[in-house]
Amino acid sequence: MRKLKIPVTRIEGHGLITLSLDGEGRVAQARFHVTEARGFERFCQGRTVWEMPAITARVCGICPVSHLLCSAKAGDAILAVRVPRAADKLRRLMNLGQFVQSHALSFFHLSSPDLLLGWDSDPARRNVFGLMEEDPGLALDGIRLRAYGQQVIEELGGRRIHPAWAVPGGVRAPLQEAARDRLAAGLPEAMRIIQDAISLYEGHLDDWAEEISAFGDFDSLFMALVAPDGTWEHYSGHIRFVDSDRNVVADGLDPARYPDYIGEQVEGWSYLKFPYHRETGYPEGLYRVGPLARLNCCDRMGTPLADEALRRFRALADGKAVTSSFHYHYARLIEILAALERINGYLSDPDLLSDRVRAEAGINELEGVGVHEAPRGTLFHHYRVDEHGVISWVNLIVSTGHNNLAMNRTVHQIAQHYLSGREVTEGLLNRLEGGIRAYDPCLSCSVHAVGRLPLRVELYDAAGRLISERTRA
Amino acid sequence: MIHLEIDGREVTARPGQTILEVAEEAGVRIPTLCYLSGLSPRGSCRICLVEVANWNGKLVPACATPVQEGMRVVATSPRLTELRRRVLELLFAERNHICAICVSNGHCELQDLACELGLEAVRVPYRFPGLTLDASHGKFVYDPNRCVLCGRCVRACSEVEGAMTWGFSGRGIHTTVEPDLGGPWGSSETCTECGKCVQACPVGALVERGKATAEQEKEPQLLAQITERRPRA
């Protein structure tokens, strides 16, 4: 058997891809393995529900805000409180900041070197430093845009990473007037940067035609939160599933009842579980989440510039769902634009300066689910507590996990398209990595795993012998 | 008056004063942990160890040692810093002190001491004991994972409140602090819910219910304020 090992880099975490060939040397099977486990669901047991936002935020240094907010929402459910209006808006504002910083990191720092320097360019230069030499303006723009998103988080939570700010029942402090003015001052530049980036992406669509058709272009379901009126949503609302024709498969689903429509399969070869649409079954119930899914699921973005961009995005598929995972990048940029437009709206809202930001309560429910949209997709925190608020059971379904089946399918498609012969070439390695990277997976979060992420690719022949492997040094 | 020397400075003291009290009056910093003004000294944590030069360099706890005529006290030296750091390392290794997610992060005497004494690494293996958090009380939470066994809660409860709810249980490494000889705090028949133990606790072991990470601030000086206002016999 012929086996090819490829390490994946410039994503968050650790991964291995194995490709198995049939007798004719074609790709029979491709698997994206997540090779680390951490055990957050276990060691949170015995802690109080009030500590959970800060504990689960430590899953990751990129997505702490997502876990912080989602955990606080699960805590709201256990306290059975309605979060004060100001706190709701403040949490939304922080989540928008998180979208900007995380998406900017994914596009500018991690992915744009592939897109702009070329898939076959020297790997030693195909990174953000190479980008700085080639196009310093763009690299700086990316850094500045990410910094703006981080600034939103910092002005609210006091620090850029791991702010212990959101708590069950609300948030700890409102926005200060001076901080609001600083955010307003930085907004025009951020808007300019994202509009430039969208133009840049749209200008290159023809150059990337082959990758667009090979990087996970397949029919599937898409899942996302949408607002009650169908508008793009990032913090509350209900769950909607659409298919590749953008037919609504299910709508108005209560996020707290996710076990009714999401199943989780475990495979022996990966620490990352495989969620699937329960009604469709496993593995056919593959669905995608994240920027691409949110744009496919929603009826409109709800802000003028983003709605215009959504129209151009929809035109790619004649109004149907955009099915190529390559366009996660496109969707990500449009979401940054939408986030910035919404931030702009919040900055003139006097509620953000209100001191009424926290509802106090005891333990009123013994079970609570928090759901919101993290940059990478829908995030679920589900806790059970005893009557004193001590955690007895935890289930986290993390954005990257939802995309697990889709990432495997994408790896298969890329291997079929680009593998020639019995060698893992640099070009194949790059594209496999790029295909995974389009999802902006956060493996630290998804398996609650630790460490860097070198991707290894192993190629096996039909007899199961390892015939080639490649690891990113 | 008693005459003695602290870090080379000649100072005078009243009979019955401890080395710590005299050093504080003289402006000499001696770090403490189990000591709390308003409570009786115990000398159990060994953070305030000082050297008495003319007692062959004998180490004594400054909080619990009365001054004597002619004493030459060394309160600051590389040896003492190293010893205090060692004591701190043992405290950190004994239970599960995870500052990043602790409710007392940023307002913790143990953490402050680590910063003050330059503790950069713990050279002994962590024990990671699996201790059960007690959230049964309506107003407070007791997390033995963060307890340093200073006994300030025990003394505050008996000496200031007079309830005697808290006491030590077990021996040596197995020692814990327990309400009413064991059992959940929420079912305690002696606890008056006054919260003095929480204010006295230097770390995140006794905290107010509902506090999230880094939110718990305390006012341990309340204990001294209460005792000072009391009529003296």
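Throughout, read-outs are computed from the coordinates displayed, never taken from laboratory work. Since this is a predicted model, take the numbers as computed values, not measurements. Cβ placement follows ideal geometry from the backbone for every residue including glycine, while neighbour counts extend to all protein chains displayed.
Observations
- Kyte-Doolittle at least 0.5, axis length at least 18 Å by Cα - qualifying DSSP helices, chain B: none
- Nitroxide proxy distance, nm - points 7 Å out along Cα→Cβ at A:D355 and A:R26: 7.2
- Estimated inter-spin distance, B:W55 and B:E193, nm [label 7 Å along Cα→Cβ]: 4.6
- Proxy reagent accessibility, fewest Cβ within 10 Å first, across A:W165, A:W269: A:W269, A:W165
- In order along the range A:310-317, the Karplus-derived 3J(HN,Hα) couplings, from 6.51 cos²θ - 1.76 cosθ + 1.60 at θ = phi - 60°, round to 5, 4, 5, 4, 5, 5, 4, 10 Hz, and Gly and Pro are given as x.
- Kirkwood-Stokes translational diffusion coefficient of the range B:148-233, alpha-carbon pairs, 10 °C, 1.306 mPa s, µm²/s: 115
- Where both bridge residues fall in chain A, DSSP classifies roughly 85% of the beta bridges as antiparallel.
- The range B:1-33 and the range A:264-299 have Cα centres spaced 69 Å apart.
- Shown for chain A: lysine pairs separated by 8 or more places, or found on different chains, whose C-alpha atoms are under 25 Å apart, numbering 4.
- Beta bridge orientation in the range B:2-76: antiparallel %, DSSP, nearest 5: 85
- Two-site FRET efficiency, A:E423 against B:Q225, from Cβ-Cβ distance with R₀ of 51 Å, rounded to 0.05: 0.05
- For the protein assembly as shown, the equivalent ellipsoid built from the Cα gyration tensor has semi-axes of 55, 28, 25 Å, listed from largest to smallest.
- Across the range B:120-136, rounded Karplus estimates of 3J(HN,Hα) from the backbone phi angles (6.51 cos²θ - 1.76 cosθ + 1.60, θ = phi - 60°) give 10, 8, 9, 8, 10, x, 5, 8, 6, x, x, 9, 8, 6, 10, 10, 6 Hz, Gly and Pro being marked x.
- Ordering A:I336, B:I173, A:I198 from the fewest to the most neighbouring beta carbons within 10 Å gives B:I173, A:I198, A:I336.
- Lysine pair count for chain B with Cα-Cα distance under 28 Å and sequence separation of 8 or more or different chains is 5.
- Positive dipole terminus of chain A, leading residue within A:T323, A:V34, A:V411 (C-beta point charges): A:V34
- Using the Cβ-Cβ distance between A:F129 and B:I98 with R0 set to 45 Å, the FRET efficiency works out to roughly 0.80.
- The phi-based Karplus calculation (6.51 cos²θ - 1.76 cosθ + 1.60; θ = phi - 60°) puts the 3J(HN,Hα) values of the range A:328-334 at 3, 4, 4, 4, 4, 5, 5 Hz, whole numbers, x for Gly and Pro.
- In a simple Cβ point-charge model (Lys, Arg +1; Asp, Glu -1; nothing else charged), the range A:40-111 has a dipole of about 180 debye relative to its Cα centre.
- In loop segments of the range A:84-186 as defined by DSSP, the trypsin sites (Lys or Arg not before Pro) with at most 16 further C-beta atoms inside 10 Å of their C-beta are A:R125, A:R159.
- Lys/Arg +1, Asp/Glu -1 at C-beta; chain A dipole; positive extreme among A:V249, A:W393, A:G130: A:W393
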